[in-house]
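Let me begin by presenting the structure, written as C-alpha cells, before commenting on it.
Just so you know, all these numbers are worked out from the coordinates, no wet-lab data involved. Predicted model only: the values in this text are computed from it and were never measured. Glycine also receives a Cβ, built like all others from the backbone with ideal geometry; neighbour counts cover every protein chain displayed.
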Amino acid sequence: MTIKVIMPKVGLTMTEGTIREWKKKEGDWVEKGEILFVFETEKVTNDVEAPQSGFLAKILAKEDDVVPVGGVVGLLVKEKGEQVELPVEEAEAAPEASPATVTEVTEQGASPIGNNGKARIKATPMAKKIAKEKGIDLRNVTGSGPGGRIRVSDVGSAIDAQAKAVEAIAVPVSEGKLVKLTGMRTIIARKMLASKIETAQTYMTVSVDATRIVESREKLVPVIEKIAGVRPTINDLLMKIAASAISRHPIINTRWTPDGILWFDTIHMGMAMALDDGLIVPVIRDIATKPLSAIARARAEIVEKGRAGKLTPDEMKGSTFTLSSLGMFGVEQFTANINQPESAILAVGTVTDKPVVVNKEVVIRPIMKVTLSYDHRVIDGAKAAQFMKTLRELIEEPFLIVA
Amino acid sequence: MNKERVIVIGGGVGGYPAALRAARMGAKVTLIERDKMGGVCLNKGCIPTKVFLHSASLYDEVKRGSIFGLTAEKLQIDFSKVSARKNAVVDRLTAGVTSLLRHKNVSIVNGTAVFRDSNSLEIMETGEAVVGDKIILATGSIPAQLSVDGSEDIRLLTSDDLLALDSLPESLLIIGGGYIGVELGQFYCRMGVNVTIVEMLDRIIPTEDAEISGALEKALVNEGIDILTQTTVEKIERSGSNKKVVLATPAGHTEIVVSEVAQSVGRRPHFSGLNVEKIGLATEKGRIAVNEKMETNIPNIYAVGDVIGGIMLAHVAAAEGECAARNSMGQPTAMHYRAVPRCIYTSPEAACVGMTEKAAGEAGREVQVARFPMQAIGKAVLQEQTDGMVKIVADKRYGEVLGVHIIGPHATELIAEAVLAIEMEVTVEELAHTIHPHPTVSEGIGEAAMVLSGGAVHMP
C-alpha cells in the first residue's frame, strides 16, 4: 500500500509551501507522528508528521522545492521494498483531505487553550482514567502503543516528568503534599508555558519620574469619586496613559498569526488580577475611548466580580494588551509573561523615592520602573523603545494625553 | 534497493512466521529446517495433542449421550485410527505451511545448519553454504529429561513418545502435572488407560490460579485419574514387563507398578550443534540471550521462540518471530508479554491470561476478585457442562483487569476477549458494558465483570 504525503494547508491564505528539510532519507522507517519534513510559508516554518507508519519510499519534492497545497511531496510504503504506485496528477486534491498533520499551528484568532480537542485521542481506558485523575492532558502525551495509542506507561512517564519538574523546584526534596491541579491551574500552566515557548519574548525597562502622575491622581480623586463613586488608582491612570501611548504606536496592539500580523483598531486592556488560587485577566473594552471615571468604575466592577468568581468567560477574553502591576507588594521591577496571543505586556513596579539628578543636582523623586515584554517576532526593539519613550513622557506629564 | 538476505533457522512456529514476515517486507529469505516444517507445535505438540483430545472429548460426550436423548451402541475406540487421523491432520497443516512459504518465494533448505561465521552457515548434510545479512534463530526446544534412580536402564517416555505410541498401554504414570501432563493424562485415561499423575508441588498446574487448578484436579479425579501431589519419584525398576515406581509422598514411601512411565517436566532450549560458541553468541542459563527486540549480542543475529526460554508457548514464539523479522528489516519493534494467554485443552478446558490473584497481591496490587459460575450460564446448562467458572482479578483503584481465569466449556476460545481486554488496558467497567451474545458461555465474562461494576444480573 502506498501512502501519499502531501503539502498541508496550515493557514487560510496558504497556497504553497517550500520544502525546507526532510528529516528522513529514502528507505528510512518512519513512525506515525514522527516529524517527516519541514516546510516554510513566507515567514513560518512548520513541522509535518508522518500520516502513518511506513518506509519513506520516495521523496518527490526536494529541499527548496515549492509545492502547492495538496501536492504530493513523498510516498510511504508499508513493507520494505514494496512497489510504489506513483500518483497520477491530482490537481484538484482537496486540501481538507490532507492526511498530514501539522504540529502546533495556532489557527488565526484561536487561543491555544481554546480548541478543546475535537480530534479523537487514542488512549486505552486505563490511561484515560489515570490521566483524568492525575490531571494529565492526554493531548500532550505521546503514545507508545500500536498506532500511537496512549498506554498506562505513557501516562506514567508524563506523571513522572511532571513530578520531576516539581521536584526540581522543591529543594530540599521532602515528601510534601500533592495538591491536585485545578482547571485554572492547568490553564495558567499551559498558557504561561506556551507564552515562553511560542513567542520571542524580549524585555525593556524604563525608570519614570512619578511626581506628576501621583499629583494628578490626588487631584482627580475627589472629582472621579463624585462622578463614578470610586477612588481612581495609579493603575487606572496608567491604563489610560498606556492606551494613549498605544494609539500613537499601534504596532503594540497587534497579534502574530501564521499568515501575517493582525493589527487591531480597538484597544481592549487586559488587567492581570491575582486571586487566592490563581490569576485572571479581565478586560476593559475599548479603553481608549473611555474617560478615567469609566475606567475606574469598570475596574472596580471587574475586581469585585473577579473576587466573587462571578466574571463570565466573555469578560476575560479578547484583550489586545495587558497591564500587570505588583506595585502594591513593593516590587520595584519585574517582567511579565506575554498574555498570548497579544504582542506585549506592561509590568508596573512600585513608586519609590530615589535620589536622581535633575539639572545637575541630586534631588529626591518618586520613581517608578515599568517593563515591557514584547514579542520580537512582531515588534522590533526600536519600535518598542519608541513606545516606551512616549509612555514615559505621558506618565511624567499626564496632561499630554489630551494632545 | 538490494534485497536484504534473511536466513531463518528452524521452521517451527517461531521460524516460519518470521520467514513469511521478512519475505512480505521484501527480504530474500532462506529457511533452514532439518526435520518437518511446523516444528514441535505442528508435529509433536499443540496440534497432535489437540487431535487426540478432540477424539477423547467426542468419545466422552457420546458416552454421556443418553442425557441428550442419544444412544450409541457399540461405541468403540480404534486407537490406530485416532493416531492415523492425527498424522493426517499434521500432514495437512505442515503442507499448508510449506505452501505459504513457497508462495512467498522463501527458499527452503532441508538440513542441519552450523555457523561458519556470523553471516554464514554450512548445511552439514550437503556442505552447502548459506550466506545472509540477517539471521534469525528459531531452533526450538526439546523435552527436559529427569534423572531418577533407575532411569539409566529404563527409558522414561517423553511427550514425543506419548504422541507416537503404537498401542495403548494398560497403565501409565506421568511425572509432572503441568499442561502437557494433564492433557495427555486425560487423553489416555479416556482411552481406557489407568493413569496416575505425580506432581512434586502441592497442586497440578501449579503456575495457574489455585482455584483453577483445584477445579481441574477435581474433574480429572472424578474421571478416574490418580493424582498424587507433593510426591516425587525416588526410584524406577523393572518388574517383569512392567515398571515399579517408588514414590515419596507426604504419607511416606509407596510403590506403584505400571506398564509405562512418562515424564513431562518442561522443555529446554535447543541449540546444540549450531556452533554458537564459535561466533561468540551470548547465552545465559542454557538459552540464547536476547533483548526486547529479539536481538542477540551479535548485531545481525536474532533469536526467537523456545530457544530464548521465557514463556515457551507457540503463540509467543510466533509473536517473537514477527518482532525479529520486523527488526531485521529495519522496522523497530519491541516484544511485550503483558497479555499472553495460557490454555489447557482438557475437559473442562482451562484458559488464563494476566496475573493470578496471588501474583497480583504479591505485585503489591490491591485486588478485587469476581467469580461467575458456569451453573448460572444458560449455554453451559444446555450443554450439560456446568463445572467451572469465570474469575476476574482486577485492581481495586480503577478496576483495571489484571487477570482472567476461566475453567469450563470453550474456555480456550473465550479467553481471546480477555486477552484483548488486558492488551487494551480495559477496566471491568468496559467489560461489563460490552454486549455479549446470548446464549453463549461468553456471557460469563460480562457477568463476572458486572460483579465488580454494578452487580451481576444472573446471580442472586
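Given only helices, namely DSSP H runs of n ≥ 4 each adding -39500 (n - 2.57), what is the per-residue ellipticity at 222 nm of the protein assembly as shown, to the nearest 500 deg cm²/dmol? Walk me through the intermediate numbers first.
Numbers: 21 runs with 257 residues, N = 863.
After summing the helix terms and dividing by residue count, I get -9500 deg cm²/dmol.
Points 7 angstrom from Cα along the Cβ direction at B:THR126 and A:ARG120: gap in nanometres?
Each label point lies 7 Å from its Cα, and together they span 5.1 nm.
Take the Cα of A:ALA274, step 7 Å along the line toward its Cβ, and report every residue of region A:364-402 whose backbone nitrogen sits under 16 Å from that point.
Taking a point 7 Å out along Cα→Cβ of A:ALA274, no residue of region A:364-402 has its backbone N under 16 Å.
If you line up the Cα atoms of region B:134-219 on their principal axes, what length do they span on each, largest first, in Å?
Sorted from largest, the Cα extents of region B:134-219 read 49, 34, 27 Å.
In square nanometres, what is one fourth of the surface area of the convex hull spanned by the alpha carbons of region A:1-72?
If you wrap the Cα atoms of region A:1-72 in a convex hull and average its projections, you get 4.4 nm².
Please find the FRET efficiency linking B:ASP133 to A:MET192, where r is the Cβ-Cβ separation and R0 is fixed at 56 Å, and quote it to the nearest 0.05.
Working from the Cβ atoms, E equals 0.60.
So, in nm, how far is label B:ALA282 from label A:VAL221 when the simple model puts each one 7 Å beyond its Cα toward the Cβ?
7.9 nm
Of the candidates A:GLY381, A:GLY176, A:GLY81, which one comes out as most mobile in a Gaussian network treatment of chain A with C-alpha springs shorter than 10 Å?
A:GLY176
What is the order of B:TYR188, B:TYR59, fewest Cβ neighbours within 10 Å to most?
By the 10 Å Cβ count, ascending, the order reads B:TYR59, B:TYR188.
Whole percent per 20 Å bin, from 0 to the bin with the longest distance: what is P(r) over all C-alpha pairs of chain A?
Reading the bins upward from 0: 22, 45, 27, 6, 0.
For region B:322-362, compute the orientation-averaged projected area of the C-alpha convex hull (one quarter of its surface), in nm². Write down the numbers at each step before the final one.
Working: hull surface 17.6 nm².
For region B:322-362, the mean projected area of the Cα convex hull comes to 4.4 nm².
For B:HIS270, B:HIS336, B:HIS438, what ranking results if the residue with the fewest other Cβ atoms within 10 Å of its Cβ goes first?
B:HIS438, B:HIS336, B:HIS270
For region A:245-374, calculate the relative contact order in percent as a whole number, restricting contacts to Cα pairs under 8 Å that are 6 or more residues apart.
21 percent
For B:ILE77 and B:THR254, compute 0.36 nm times the residue count separating them, minus their Cα-Cα distance, and round to one decimal in nm.
The span from B:ILE77 to B:THR254 would gain 60.4 nm if fully extended.
Taking the Kirkwood radius as the inverse of the mean 1/r across Cα pairs, report the Rg/Rh of the protein assembly as shown.
Numbers: Rg = 38.1 Å, Rh = 33.7 Å.
Dividing the radius of gyration by the Kirkwood radius yields 1.13.
Peptide B:398-406: average number of partner chain Cβ atoms within 10 Å per residue?
The mean count of partner-chain Cβ atoms within 10 Å per residue comes to 2.
Could you give P(r) for region A:229-367, binned at 10 Å from zero, as whole percent values over all Cα-Cα pairs?
Spelled out bin by bin, region A:229-367 gives 11, 37, 33, 14, 4, 0 percent.
Between beta-carbons, use under 9 Å as the cut-off and find the net charge around B:HIS410, counting Lys and Arg +1, Asp and Glu -1.
-1
Give me the dipole magnitude in Debye, nearest 20, for chain A about the Cα centre, with unit charges on the beta carbon: positive for Lys and Arg, negative for Asp and Glu.
So the magnitude is around 1400 debye.
I'd like to know which of B:THR158, B:VAL114, B:LEU93 lies farthest towards the positive end of the charge dipole of region B:54-158, counting +1 on Cβ of Lys and Arg and -1 on Cβ of Asp and Glu.
Checked the options; the winner is B:LEU93.
Give the order of B:SER241, B:SER99 when sorted by the count of other beta carbons within 10 angstrom, beginning with the fewest.
Values: B:SER241 6, B:SER99 11.
Lowest count first: B:SER241, B:SER99.
Compute the distance in nm between two label points, each set 7 Å from the Cα along the Cα-to-Cβ direction, one at B:ASP91 and one at A:ASP160.
So the two model labels end up 5.6 nm from each other.
If you put +1 on each Lys and Arg Cβ and -1 on each Asp and Glu Cβ, how big is the dipole of region B:33-90 around its Cα centre, in Debye rounded to 20?
Rounded to the nearest 20 debye, it is 120 debye.
Pop out the ³J(HN,Hα) list for region A:50-60 in order, Karplus 6.51 cos²θ - 1.76 cosθ + 1.60 with θ = phi - 60°, rounded to Hz; leave Gly and Pro as x.
5, x, 8, 6, x, 8, 6, 7, 8, 9, 9
Hand me the trypsin sites (Lys or Arg not before Pro) from region B:1-89 located in a DSSP loop with no more than 15 other Cβ atoms within 10 Å, in residue order please.
Here the trypsin sites (Lys or Arg not before Pro) that fit, given the DSSP loop and packing criteria, are B:LYS3, B:ARG64, B:LYS74.
Place +1 on the Cβ of every Lys and Arg and -1 on the Cβ of every Asp and Glu in region A:145-234, take the dipole about the Cα centre, and give the residue among A:ALA189, A:VAL214, A:GLY148 whose Cα lies farthest towards its positive end.
Highest projection toward the positive end goes to A:GLY148.
Work out the mean other chain Cβ neighbour count within 10 Å for the residues of A:74-81 and drop it here as an integer.
Per-residue shielding by partner chains comes out at 4.
Please compute, for peptide A:53-60, the average count of beta-carbon atoms on other protein chains lying within 10 Å of each residue's beta-carbon.
1
Please report how far the C-alpha centroid of region A:1-52 lies from that of region B:1-63, rounded to the nearest whole angstrom.
42 Å
Per-residue counts of other Cβ atoms within 10 Å, averaged by peptide: what ranking do you get for B:212-224, B:416-428, highest first?
Highest-to-lowest ranking by the protection proxy: B:416-428, B:212-224.
Compute, for chain B, the length of the dipole vector about the Cα centre, with Cβ point charges of +1 (Lys, Arg) and -1 (Asp, Glu) only. Units Debye, rounded to 20.
It comes to approximately 1200 debye.
What does the charge count around A:LEU279 come to, taking other residues whose C-beta lies under 11 Å from its C-beta (Lys +1, Arg +1, Asp -1, Glu -1)?
Surrounding charge for A:LEU279 is 0.
Work out the FRET efficiency for A:GLU361 and A:ASP314 from their Cβ-Cβ distance, taking R0 = 56 Å, and round it to the nearest 0.05.
Computed FRET efficiency for A:GLU361 and A:ASP314: 0.60.
Where the eigenvalues come from the Cα gyration tensor of region A:282-321, what are the semi-axes √(5λ) of the equivalent ellipsoid, largest first, in whole Å?
17, 13, 6
Summing +1 for each Lys or Arg and -1 for each Asp or Glu, what net charge is found among the other residues whose Cβ lies under 11 Å from the Cβ of B:VAL258?
Numbers: positive: B:LYS243, B:LYS244; negative: B:GLU170, B:ASP226, B:GLU255, B:GLU260.
After counting each charged neighbour, the total is -2.
Evaluate the Kirkwood expression for the hydrodynamic radius of chain B, namely the inverse of the mean inverse distance over all pairs of different C-alpha atoms, and round to one decimal in Å.
Over chain B, the inverse of the mean reciprocal pair distance is 23.9 Å.
Please give the length that would be gained between B:GLN375 and B:THR434 if that part of the chain were fully extended, namely 0.36 nm times their separation in residues minus their C-alpha to C-alpha distance (nm, one decimal).
Details: separation 59, 0.36 × 59 = 21.24 nm, distance 2.13 nm.
Separation in residues times 0.36 nm, less the Cα-Cα distance, equals 19.1 nm.
With 5 Å bins from zero, work out the P(r) of region B:38-159 over every alpha carbon pair and list the percent per bin.
2, 8, 11, 12, 13, 14, 13, 10, 7, 5, 3, 2, 2, 0
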